[in-house]
1. Given the -39500 (n - 2.57) contribution per DSSP H run of 4+ residues, what per-residue ellipticity at 222 nm results for the chain, rounded to the nearest 500 deg cm²/dmol?
2. What's the longest piece of the chain with no exposed GluC sites (Glu not before Pro), counting a site as exposed if DSSP puts it in a loop and it has at most 11 other beta carbons within 10 Å?
3. Does anyone have the angle between helix 281-296 and the longest principal axis of the chain? Alpha-carbon axes, 0 to 90°, nearest 10?
4. Under 18 Å from a label point 7 Å along Cα→Cβ of D130: give me every residue in the range 211-229 with its amide N that close.
5. With an 8 Å Cα cut-off and a minimum separation of 6 or more residues, compute the relative contact order for the chain in percent.
6. Explain nothing, just the number: dipole magnitude of the chain about its Cα centre with +1 on each Lys and Arg Cβ and -1 on each Asp and Glu Cβ, in debye rounded to the nearest 20.
7. Can you tell me the relative contact order of the range 189-307? Whole percent, Cα pairs under 8 Å, sequence separation 6 or more.
8. Helix 172-190 versus the longest principal axis of the chain: what is the Cα-based angle in degrees, 0 to 90, to the nearest 10?
Amino acid sequence: MTAIVEPQDLRIGMFVHLDVGWMSHPFPLSSFKIGSNEQIETIRSLGLKKLRWSPERSDQPAPERITITPGGGAPRDETMPELAQPAVPVDPAEQARRRADARREAELAALRVCERQYQEACRDLRRINDSVGGEPELARDNAKALTRALLDKMLVDGELCVRVLGEPTGDRHSAHAINVTVVSLLLARSLGVSESDMQDIGTGALLHDVGKLSLPDRVRLAHDDFTSAEASLYRDHVAHGITQGRRMGLSPGALLVLAQHHELADGSGFPKGATTERMSPGARIVSMINHYDNLCNAASPSKSLTPHEALSRMFAQARSKFDAAMLNGFIRMMGIYPPGSLVQLSDDRYAMVMTVNSARPLKPMVRVFDPGVSADRALHLNLEDCPDLGIRRSLKPTQLPARAAECLAPRQRVAYFFDVAAAPVPQEAA
């Protein structure tokens, strides 16, 4: 449940949500508990007229002038005196409906913030790619800055959740690079990689396909029907990337990511056929996440796998191609049913996995189809809070009934971002 507060009413201990672009404020996260007067002054300096806060996650009670409303309503009119009203019993079913509405609104608000941040990152990466040819050092500095901004949001205490976004818009090359970067950094964080190495991993992941910028559009994405000449040209993007990386003055760690992002642990990758021992740890991470994203977002959408299918195939059929510890860490982080997976619950309802917290990977947040509820009011359930409810099986989009598919809107292209993991809140499973 959220409420609206004016900046002058902020106090230490309030849990606030800054619904502005992620580069528009200096805080590591867009949602956090205020810990000092300095933070209050910084928030006030942003020029926001109003902002959302969560009373149930705050140490402070509601200020007198604030009316708490599910999903964040407007403050009441102070010019109108309030008259005492007799208490009216609230029907338990109505209470449950209000709580479900509040959870749904909070989830949608968090999703909107993540989608905006994702689009900003894609926009910044497009500008970086545009400057590679003429201003390589500027491109390097901006890539490092974008990685630093991501790390500043990630390197906080507590768990982060992986969130699937709506259908990404715009250029798929930037979307792919941001997907690979975000998930690679999240995995590196969960594996305890040092901050300096994470900087190299992030910069290398952002630029891992920089060698494709000079290729014809036809060969920028791998196709099964490539001629031998096209396949050779496609593979050459790694060498072109190394050349560009050197022109940019990238660090040795970032250059290794560019050089080895298509190598595989069993030596079946390219261009050198390097095995695990010859690959840098950062390159092993980026290679695996690059492979996963290519399975989920194939050049031909009809050949794309669901996130669950992609992860299952990597584990069951291609396990030898990846560093075993990193693959296991990836599965722990993403869960057996990664965000974007379509599932059938143990009570037979259809759902889409929306977020996964690595601390409870088998109990993700799901969006549930209910034939009696409109798509914009679909129930969001945290399965962690539903001990008698679980996931029975994974589904392909074609296995969904038409109305369920319309409500859940399976993604043709999968995009990921991250958010702070909320503490579990008791909720009904109906």
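1. Here the helix-only value at 222 nm equals -13000 deg cm²/dmol.
2. Excluding the exposed sites themselves, the longest stretch runs over 83-430.
3. For 281-296 against the chain, the angle is about 70 degrees.
4. Taking a point 7 Å out along Cα→Cβ of D130, the residues of the range 211-229 whose backbone N falls under 18 Å are 213-214.
5. 15 percent
6. 840 debye
7. 23 percent
8. On a 0 to 90 degree scale, this one is about 80.
Values in this text are rule-based calculations from the coordinates and carry no lab data. In this text the structure is predicted, and so the values were computed from the model without any measurement. Glycine gets a Cβ as well: all are built from the backbone with ideal geometry, and neighbour counts include every protein chain shown.
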